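Worksheet: one structure, shown below.
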Amino acid sequence: MQITDVKHFLANPGRGKNLCFVKVETDEGIYGWGEAYTQSDRDVQVAAHIDQMRRYLIGRDPRNIKHFLQWSYDDFAGRRGAMDFWCAVSGIEHAMWDITGKKAGMPVHMLIGGACRDKIRVYANGWSGGPPEELADRARAVVEMGFTAMKFDPIPGPWRTFVSKEVENAAIENVRTVREAVGWDVDILVEMHRRLAPMHARRIGREIERYRPFWYEEPVLAENIDALAAVKRDVNIPIVTGEELYTKFEFREVFEKQAADILNPDVCNVGGILELKEIAAMAEPYYVVVSPHNFNSTTLGLAATIQVSAAIPNFLITEYFVNLEDFGNDIAVNPFKVENGYIRVPDTPGIGIDLDEEQLAKYPYRPFDPRSPLQYYEEGP
């Protein structure tokens, strides 16, 4: 079996960033789908990497996935991998696994160790925003949709390292508002987007402990692991990091310094399915659980996430963007369904989902207006 073509599709779902889907075709007629992580105005860069790697992939066997990962880093990237590169690699890697699973007649999770569970718990994201009263109403609506966990960023305003006391108080008040709106039986996940200096992260963290958050995500930048570890020691809430770390090499220091309780690597930028599984294996002897980040579509990125989540023993929960659900249902041939906060692990060969290219064409790429602030999915990635 040989690769005959590698294509990318940039699609705008009508809000937020453009999404990047990858299709790998073979001489046997078997094709595979994958998804590459993007950010606002960092999408054509990812697609450019895919186009350049295409020339080197034609004629290769798509089942040699580990070799592809090593070759792409050593030779194509000259051992200078960055975010856009790893996003492109991840999308191609998913498609290679999809082909391999279809050729073998097995779901991908059976090829990487087999299933540890038959359903995957998900938390709702992409629902929050607005003043406290509106935030409370939206939180209650998420519970009515059947979710038992939800994530939001409680800090108003732009992403800044140093914030005022008023901003700190507003963040604390927003956490209180959501907790009171949903009660104690629903898990609330607090996201900080790596924005805070440690002094702010500590003060906010200590104040919201009383509301029993499920976790405290990326309170400080992951580039300073010592600062993250210090916040972890001082705040009595599980600490999460990982969405801006790429490959197992960048996670090493997190383990060595015991800087996090939970990891949230993204299968669409970390290097793909195999790399995420290997990071999860590294986490096991440190008693760290894995909750894959998924600021991607509810189709291919979610499919790849589900396959890994099914196969790792230390899986906790994963991300689901409720405001992309309609888009995902429209372009997917066999869309996933959330039932009582869970998604069933598919048993079909490959990654478990297919896209309708005619429907996908209805959502063309859309450049952002540089005169306007970048807008993410309501509360942000």
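Quick notes
- Accessible area in the full protein assembly, largest first, 1.4 Å probe, for Lys151, Lys362: Lys362, Lys151
- Largest to smallest accessible area among His67, His293 [probe 1.4 Å]: His67, His293
- Asp75 contributes an accessible area of around 110 Å² to the protein surface, as traced by a 1.4 Å probe with all chains present.
- Around Lys277: net Lys/Arg minus Asp/Glu count, Cβ-Cβ under 12 Å: -2
- Heavy atoms of Met110: accessible area, 1.4 Å probe, square angstrom to 10: 90 Å²
- Ranking Lys103, Lys248 by solvent-accessible area of protein heavy atoms (1.4 Å probe, all protein chains present), from largest to smallest, gives Lys103, Lys248.
- Relative contact order (percent, whole number), the chain, Cα cutoff 8 Å, 6+ residue spacing: 22 percent
- Crossing angle, helix 83-104 versus the chain [Cα axis fit, 0-90 degrees, rounded to tens]: 60 degrees
- Measuring against 24 Å, Cα to Cα, the residue pairs Lys23/Lys362; Lys337/Lys362; Lys23/Lys277; Lys119/Lys248 contain Lys119/Lys248 as the ones spanning a longer distance.
- Area of Thr148 that stays accessible when all protein chains are in place (1.4 Å probe, Å², to 10): 50 Å²
- Against the set (1) 45; (2) 18; (3) 36, the structure's computed percent of Cα pairs over 36 Å apart falls on (2).
- Alpha-carbon centroid distance for the pair the range 193-270 / the range 1-78, whole angstrom: 30 Å
- Total charge dipole magnitude, the chain, about the Cα centre, Cβ charges on Lys, Arg, Asp, Glu only, Debye to nearest 20: 560 debye
- Computed helical MRE - 222 nm, the chain, DSSP H runs ≥ 4 contributing -39500 (n - 2.57), nearest 500: -11500 deg cm²/dmol
- Anisotropy class of the range 25-161 from Cα gyration tensor, a/c 1.5 cut: oblate
- With the charge dipole of the range 109-263 set up from +1 on Lys and Arg Cβ and -1 on Asp and Glu Cβ about the Cα centre, the Cα lying farthest toward the positive end among the listed residues Asn224, Pro154, Gly114 is that of Gly114.
The values are calculated or read from the model by the stated rules, or taken from the named source; none is laboratory data. Predicted, not measured: the structure shown is a model, and the values here were computed from it. Methodologically, a virtual Cβ is constructed for each residue, glycine included, from the backbone with ideal geometry; neighbour enumeration extends over all protein chains shown. Side chains included, ligands, DNA and RNA excluded: accessible areas come from the protein's heavy atoms. Shrake-Rupley method; radii C 1.70, N 1.55, O 1.52, S 1.80 Å.
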